[in-house]
Amino acid sequence: MEAYCVKCRQKREMKDATETTMKNGKPATTGTCSVCGTKLFKIGKGTGAEAGAGAKGGGDGGK
Ligand SMILES: [Zn+2]
């Protein structure tokens, strides 16, 4: 997912996106900038595509 990086001053791909919940109970996503490593924060959940990348698949042992 993309999020605005205050250091790069533009949108960057978010690494290690993690869903979290703000104090007001609203969903948010945190991660790190793939370019400079600054912590990124985005209000709202991710699309789910990246969230499932590491969660599903694997474990079955293809070989
Ligand atoms: Zn950055």
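The values are calculated or read from the model by the stated rules, or taken from the named source; none is laboratory data. Computed from a prediction, not measured in an experiment: that's the story for all the values here. Neighbour counts are summed over all protein chains in view; Cβ atoms, including those assigned to glycine, are modelled from backbone coordinates with ideal geometry.
Would you call ALA3 in a strand (DSSP E or B) and modelled with pLDDT under 95?
In short, yes.
What are the residue pairs meeting all of these: first residue in segment 16-41, first residue within 16 Å of the ligand (Cβ to nearest atom), second residue of a type in the set (Asp, Glu), Cβ atoms under 7 Å, and 6 or more apart or on different chains?
ALA17/GLU50; THR29/GLU19; GLY31/ASP16; THR32/ASP16; SER34/GLU13
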